[in-house]
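Following: one structure in structure tokens, then a few remarks.
The values are calculated or read from the model by the stated rules, or taken from the named source; none is laboratory data. Everything numeric in this text was worked out from a predicted model, so none of it was measured. Reconstructed Cβ throughout: ideal geometry from the backbone, glycine too, with neighbour counts over all protein chains shown. In case anyone asks, the SASA skips ligands and DNA or RNA and just uses the protein heavy atoms, side chains included. Shrake-Rupley method; radii C 1.70, N 1.55, O 1.52, S 1.80 Å.
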Amino acid sequence: MPKAKIYFVGAGPGEPALITLRGAQILRQADCVIYDGLVSEALLDGCPADCEKICVRKRTGEHPFTQEQIHQLLIQKTAQCRTVVRLKGGDPNLFGRLAEEIQLCIRLGADFEVVPGVTAATAAAACAGLFLTDRQSSSQVIFVTGQETPDKAETALDWDLLARFRGTIAFYMAMSNLAQIVQILLEKGKSPQTPAAVIQNAAGPNQRIAYASLETIASECSRQGIEAPAIVLIGPTAVYRQEYDWFSRRPLFGKTILITRDEEGNRRLAGCLRQQGAEVLCFASISVHPLLNTDAAASALSRLREMDWVVFTSPRGVRFTFEGLASLGKDGRAFGNAKIACIGPETARRLAEVGLRADFVPTRFIGEALAEELAAREPLEHKKILLLRSAIAPDDLPCCLRQRGACVEDVPIYTVKPASPAPEQIQPLRRRLTQRQIDWILFASSSAAEAFFQTFPKETVLQSGTRLASIGPATTRRLRQLGFSPAVEAPVHTADGLLEAILRYYD
């Protein structure tokens, strides 16, 4: 077996988009990821399907890990795997006990690489609209641990230096000792009026900030319930200025949104929602399964060039069609002169990714509109039209095309089934619904709505005060049949349209 290599990767402060390109690249080739408790699990979506993922949360959770247990785990996985990723919150080289774990690698004779990350203090300042340095007031910054090793005989911190330091002091892991830290600084002569800010869950959708003077910051945190994980900034730049606060002005900041597509669809939509400031909860209510081994699919894929039109109604249809072609040793040339129609820009974009341009996209992204607008473009009588779509898709599109004289083949290339979520996935969401902590539930298909309400009781959702958002008329009809009235329906029946509908709600 090739020699193992351990990558120490900085995951950033929590927001998954803040990992470095190199860090994301390494995660895509990992055999095993050993990750800290504060690391966003959304980062693990980029790992291979067979990658082993192990959380080594310290001090919290049902089974907290000690540093010695982490060392034993590294020894074990280095013997079993080729590529081991030690995924650390923030930057691994700053208060991350990196030296101890690298010394272990050296003893094991294992190769290693360190990939820096965005550290919490820089992220906290940026997302609070603060500046660690400023030409006018703070030309220096210092990073300090708020928790020293318990077995030290005496402190290694130079409190006299910190008290007279005229720049920004960034304390990590300081919340449990904040009152004591403040007291020492005041006793050493630091001005009680020195500005201070404490940023909890820095760069996350649930970020909270307390501002006060040094002498009152501990009591202000207590009053607001500000807790760890948090960064404490002390110095002249730790002053709130509304005009610099870009982070909390994002339109969905402070909103919690539950999305219910399949895993792939959830990942794509979650990224868009996070950019707008939302906390996103992903629940895969459905799963998607290819139907490429059927006689109907094999026959259709072998006769693409005989068609006048091939119609895709979703990006999944494009994906599975080209997977099927690849398994037959074919590619886009198999379409010959057949024209291609796509319902919606998302489907057209997926087609473009495999090198083909859609010949027709209707202005409204529903089956009836495609039939109407395609018939207005050219006569459909006796035209051979192949639909490659879901086995549970509604009959409106083939019926409308046949009414206009087309010869339609409706071939299921994939199917959608209710997912089988584990209890540990359901219980936290049910608890948050019961506690009225979810602002929106988004439904991008009728099948997702049906599957979701097989798992979560109607009364639980009704009593939660949660608003529902629908991607289009068919989904809205199904939700109403289930006893719900969506607060919004996407004006354009795509994931982007769903986001637009929610943003409009808050205009």
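Can you give me the ranges of the strands (runs of 3 or more DSSP E) entirely in segment 39-123 with at least 3 residues that are within 24 Å of Ala230 (Cα to Cα) and touching a residue at least 12 places away in the same chain (Cβ under 8 Å)?
The strands (runs of 3 or more DSSP E) meeting that bar are 83-88.
Within segment 406-507, which strands (runs of 3 or more DSSP E) (wholly inside it) include 1 or more residues that are within 30 Å of Glu306 (Cβ to Cβ) and among the hydrophobic types (A, V, I, L, M, F, W, C)?
Values: elements: 407-418, 440-443, 467-470.
Passing ranges, in order: 407-418.
Test Pro92 against the stated conditions and say whether it is open to solvent by 70 Å² or more (accessible area, probe 1.4 Å) and either among the hydroxyl-bearing types (Ser, Thr, Tyr) or at pLDDT 95 or above (or both). Write out each step before concluding.
Working: open to solvent by 70 Å² or more (accessible area, probe 1.4 Å): no; either among the hydroxyl-bearing types (Ser, Thr, Tyr) or at pLDDT 95 or above (or both): yes.
It is false that Pro92 is open to solvent by 70 Å² or more (accessible area, probe 1.4 Å) and either among the hydroxyl-bearing types (Ser, Thr, Tyr) or at pLDDT 95 or above (or both).
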Q. Cβ-Cβ below 8 Å, separation at least six or inter-chain, first residue in segment 396-414 and farther than 27 Å from His289 by Cβ and polar (S, T, N, Q), second outside any loop (DSSP other than H, G, I, E, B) and open to solvent by less than 10 Å² (accessible area, probe 1.4 Å): which pairs?
A. Gln403/Ala371
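Name every residue in segment 445-474 that is open to solvent by 40 Å² or more (accessible area, probe 1.4 Å) and not basic (Lys, Arg), in order of residue number. Let's see the steps before the verdict.
Kept after step one, since they are open to solvent by 40 Å² or more (accessible area, probe 1.4 Å), are these residues of segment 445-474: 450, 454, 457-459, 462-463, 465, 467, 473-474.
The answer is Glu450, Gln454, Pro457, Glu459, Leu462, Gln463, Gly465, Pro473, Ala474.
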Q | Close pairs from segment 316-332: first over 10 Å from Leu388 (Cβ atoms), partner open to solvent by 20 Å² or more (accessible area, probe 1.4 Å) and among the acidic types (Asp, Glu), Cβ under 7 Å, at least 6 apart | A | Leu325/Asp331
Q: Would you tally the residues in segment 1-54 being more than 24 Å from Ala278 (Cβ to Cβ), among the aliphatic types (A, V, I, L, M) and touching a Gly at 6+ places or on another chain (Cβ under 6 Å)?
A: 1
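Check Arg477, Arg430 and return the single one that is within 27 Å of Pro205 (Cβ to Cβ), open to solvent by 30 Å² or more (accessible area, probe 1.4 Å) and of a type in the set (D, E, K, R). Break it down stepwise before answering.
On the way: Arg477 fails: within 27 Å of Pro205 (Cβ to Cβ).
Testing whether each residue is within 27 Å of Pro205 (Cβ to Cβ), open to solvent by 30 Å² or more (accessible area, probe 1.4 Å) and of a type in the set (D, E, K, R) leaves just Arg430.
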Q.
Take Ala202 and tell me if it is touching a residue at least 12 places away in the same chain (Cβ under 8 Å), crowded, with 22+ Cβ neighbours inside 10 Å and under 19 Å from Asp134 (Cα atoms).
A. no
Q) Which number in (1) over 35 Å from the mean Cα position of the chain (by Cα); (2) free of Cβ contacts under 8 Å to residues at least 60 places away in the same chain marks the one condition that Met307 misses? A) (2)
Q: Exactly one condition in (1) closer than 25 Å to Gly367 by Cβ; (2) among the charged types (D, E, K, R); (3) touching a residue at least 40 places away in the same chain (Cβ under 8 Å) is not met by Asp439; state its number.
A: (1)
Q: State which residue pairs qualify: first residue open to solvent by 40 Å² or more (accessible area, probe 1.4 Å) and inside segment 183-195, second residue of a type in the set (S, T, N, Q) in any location, beta carbons under 9 Å apart, and separation of 6 or more residues or different chains.
A: Ser191/Ser213; Pro192/Ser213; Pro192/Thr216; Gln193/Ser213
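Please list, ordered by residue number, the strands (runs of 3 or more DSSP E) wholly in segment 279-377 having 3 or more residues that are open to solvent by 30 Å² or more (accessible area, probe 1.4 Å). Walk me through it before giving the result.
Working: elements: 279-282, 286-290, 309-312, 339-342.
Strands (runs of 3 or more DSSP E) meeting the threshold: 286-290.
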Q. Within segment 219-241, which residues are open to solvent by 70 Å² or more (accessible area, probe 1.4 Å), more than 12 Å from Ala125 (Cα to Cα) and in contact with a strand residue (DSSP E or B) (Cβ under 7 Å, 6 or more places away or on another chain)?
A. Glu227
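Which residue is farthest from Gln200 (Cα to Cα), if the candidates are limited to segment 165-189 and must be of a type outside the set (A, V, I, L, M, F, W, C) and in contact with a Phe, Trp or Tyr (Cβ under 7 Å, 6 or more places away or on another chain)?
Lys188
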Q) Which one is least open to solvent (accessible area, probe 1.4 Å) among residues in segment 378-405 that are part of a helix (DSSP H, G or I), over 26 Å from Glu323 (Cα atoms) and in contact with a helix residue (DSSP H, G or I) (Cβ under 6 Å, 6 or more places away or on another chain)? A) Leu401
Q: Go through (1) touching a helix residue (DSSP H, G or I) at 6+ places or on another chain (Cβ under 9 Å); (2) open to solvent by 50 Å² or more (accessible area, probe 1.4 Å); (3) modelled with pLDDT of 95 or more one by one and return the number of the condition Gln140 breaks.
A: (1)
